[in-house]
Amino acid sequence: MANSERTFITIKPDGVQRGLVGDIIKRFEQKGFRLVAMKLVQASEEHLKQHSIDLKDRPFFPGLVKDMNSGPIVAMVWEGLNVVKTGRVMLGETNPADSKPGTIRGDFCIQVGRSIIHGNDSVKSAEKEISLWFQPEELVEYKSCCYDWIYE
Ligand code: IDP
Ligand code: MG
């Protein structure tokens, strides 16, 4: 059951435009997490406002929605043991300037308003966002052939 924890990861328009989709997916694949769902989507402003509703009172909210709406994004669901927490470690800090080398933000970006990737900070927000972005039938069930080589 713990091994089927899920997180919602989005490559933002800046990450897509900069051609980082492959590099980012590669990190989650190589780690051993299982890809459950993925789509390239031009999200509407309304949908993006809903997605970031918890941040609606922050001064950067309008800019965040505008940036997320500025081009297509890659929406994904990844699954694995502690994937929410580990996913955040792989992303790095909110401000790329504080992100260590080896993390996605530490390696690929410079400023907080161009942080190329989104990932959940709790299982609860993951569940909420997965259902906002994907229909149940889009979440694909299969067993990775590596499963027994990844988990003890
Ligand atoms: P997170 O992406 O690390 O979870 P949040 O606090 O949830 O960080 O903020 C969501 C997004 O809003 C960030 O990824 C970034 O794009 C943007 N953001 C956060 N703080 C700032 C800021 O101080 N200035 C500009 N944009 C910000
Ligand atoms: Mg956040």
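The values are calculated or read from the model by the stated rules, or taken from the named source; none is laboratory data. No experiment lies behind these values; they were computed from the predicted model shown. Cβ coordinates were reconstructed from backbone atoms using ideal geometry, including for glycine residues, and neighbour counts include every protein chain displayed. When the accessible area is computed, the model is the full protein with side chains, heavy atoms only, and any ligands, DNA or RNA have been set aside. Shrake-Rupley method; radii C 1.70, N 1.55, O 1.52, S 1.80 Å.
In the condition set (1) touching a strand residue (DSSP E or B) at 6+ places or on another chain (Cβ under 9 Å); (2) open to solvent by less than 50 Å² (accessible area, probe 1.4 Å); (3) without any contact (Cβ under 8 Å) to a residue 12 or more places away in the chain, Phe61 is compliant with all but (1).
Within the option set Val123, Val74, Val84, Val112, being away from ligand 2 (no atom under 16 Å from the Cβ) and closer than 30 Å to Glu46 by Cβ holds for one residue only, Val74.
In the condition set (1) within 16 Å of ligand 2 (Cβ to nearest atom); (2) within 22 Å of Glu138 (Cα to Cα); (3) part of a helix (DSSP H, G or I); (4) not charged (D, E, K, R), Phe8 is compliant with all but (3). Looking only at the stretch 98-146, residues that are in a helix (DSSP H, G or I) and either within 15 Å of ligand 1 (Cβ to nearest atom) or not acidic (Asp, Glu) (or both) come to 19 in all. If we scan the stretch 76-83, do we find a residue that is among the small types (Gly, Ala, Ser) and more than 12 Å from ligand 1 (Cβ to nearest atom)? Yes, the stretch 76-83 contains at least one residue that is among the small types (Gly, Ala, Ser) and more than 12 Å from ligand 1 (Cβ to nearest atom).
The lone criterion from (1) surrounded by fewer than 17 Cβ atoms within 10 Å (Cβ to Cβ); (2) within 13 Å of the chain's Cα centre (by Cα) left unmet by Ile110 is number (2). Of all residues in the stretch 34-68, those satisfying the criterion of being more than 12 Å from ligand 1 (Cβ to nearest atom) and under 13 Å from the mean Cα position of the chain (by Cα) are Leu35, Val36, Ala37, Met38, Lys39, Leu40.
Looking at Arg6, Arg18, can you tell me which residue is among the basic types (Lys, Arg) and crowded, with 17+ Cβ neighbours inside 10 Å? Every option except Arg6 fails the conditions.
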